[in-house]
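Report on the structure given below.
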Amino acid sequence: MKCFNYPMKENMMRLATVWFTLSFGYYGLSVWFPDVIKHLQADEYASKVQIHINERIEGFTFNFTLENQIHRNGIFIHDQ
């Protein structure tokens, strides 16, 4: 309780204000940053999406992943 007596009261209140501000600010950033990173990753993924409609692919060897590709009403014949 000596911290709240005359000689130290003003400094103690300033330090308490700074500590509370920093702690809540740090908590806010720790919640905000992962959310922003998640949104950036989702935007990047969406920008790389390729949509293929009514394509006919014959005798093709896929040596890559079909990630970020959407095939609608396509026909795949003798593909690997």
Starting at the first residue of segment 28-38, write each ³J(HN,Hα) from the Karplus equation 6.51 cos²θ - 1.76 cosθ + 1.60 with θ = phi - 60°, in whole Hz, x for Gly and Pro.
-> x, 5, 5, 8, 6, 4, x, 5, 5, 4, 4
With θ set to phi - 60°, apply the Karplus curve 6.51 cos²θ - 1.76 cosθ + 1.60 along segment 59-65 and write out the HN-Hα couplings as whole Hz, x wherever there is a Gly or Pro.
-> x, 9, 9, 7, 10, 8, 7
Identify the trypsin sites (Lys or Arg not before Pro) of the chain meeting these criteria: DSSP loop state and at most 16 other C-beta atoms within 10 Å of the C-beta.
-> LYS48
Can you list residues whose amide H is under 5 Å from HIS52's amide H, if they're 5+ apart or on another chain and H is modeled 1.01 Å from N?
-> ILE70, HIS71, ARG72
Given Cα pairs under 8 Å that are at least 6 residues apart, what percent is the relative contact order of the chain?
-> 23 percent
Quick one: longest stretch of the chain between exposed loop GluC sites (Glu not before Pro), exposed meaning at most 14 other C-beta atoms within 10 Å and loop per DSSP?
-> 1-54
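Every read-out reported here was derived from the displayed coordinates using simple, explicitly stated rules and does not represent laboratory data. These numbers were taken from a predicted model, which means no experiment stands behind them. All Cβ positions, even for glycine, are placed from backbone atoms using ideal geometry, and neighbour counts span all protein chains on display.
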